[in-house]
Amino acid sequence: MMQRGRPLSLTGQALRLLSQREHSRTELERKLARHAEDPAEIARVLDHLQSRGFIDHQRVADSVVHRRSAKLGAMRIRQELQAKGLDAQTVDTALVPLRASEFDRAREVWRKKFGSLASDANERAKQSRVLAARGFGAEVIRRVVACKEDELG
């Protein structure tokens, strides 16, 4: 990446990425790898940024949960957090608030996508597949798809 005729340093590139959204250390390592010959140089830059608080895995997890929870279930968000290289404790902590709202969030996704009860088994299966693809659990899906009209809000 060039800035006014000169290439950005690795630190500059990392800060540019972090200014766009929160990134985990693993994501930054992957994105900076094409700009550096020496992986140790990337590690030094990331160690410095992490020590200064620019890289914070809890902020990354909170950001993903905030951005994605309206459309996705806890299982899918867990996969996204794990793909970012976050440790199991950070992932588990980030998912705690989602458990209480899983049914309501699944119901809202269902309402926006379908809006009416399934008329037959094929339609219920289709609705279930959509919710499953979004990462909602089987019990939550069963409850949403089996809801009565007055429970759907």
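Values quoted throughout were computed directly from the atomic coordinates according to the rules given, and no laboratory measurement underlies them. What you are looking at is a predicted structure, and each value in this text was computed from that prediction instead of being measured. Neighbour counts run over all protein chains shown; Cβ positions are idealised from the backbone, glycine included.
The ranking of Val145, Val130 from fewest to most other beta carbons within 10 Å of each one's beta carbon is Val130, Val145. The long axis of helix 88-113 is offset from the longest Cα principal axis of the chain by roughly 40 degrees.
Going from the residue with the fewest nearby Cβ atoms within 10 Å to the one with the most, Val60, Val96 rank Val96, Val60. Coupling constants for segment 16-29 follow from the phi torsions by the Karplus curve (6.51 cos²θ - 1.76 cosθ + 1.60, θ = phi - 60°), and in residue order they are 4, 5, 5, 6, 7, 5, 5, 10, 7, 4, 4, 4, 5, 4 Hz; glycine and proline get x. Around the amide H of Gly73, modelled in the peptide plane, lie the amide H atoms of Gly135, Phe136, all under 5 Å away and 5 or more residues distant in sequence or on another chain. Seen from a random direction on average, the alpha-carbon convex hull of segment 1-77 projects onto 6.1 square nanometres. For semi-axes √(5λ) of the Cα gyration tensor in Å, the value calculated from this model appears in (1) 41, 15, 12; (2) 34, 15, 11; (3) 33, 20, 15 under label (1). Spin-label model, Gln58 to Asp120: label points 7 Å out along the Cα-to-beta-carbon direction sit 5.3 nm apart.
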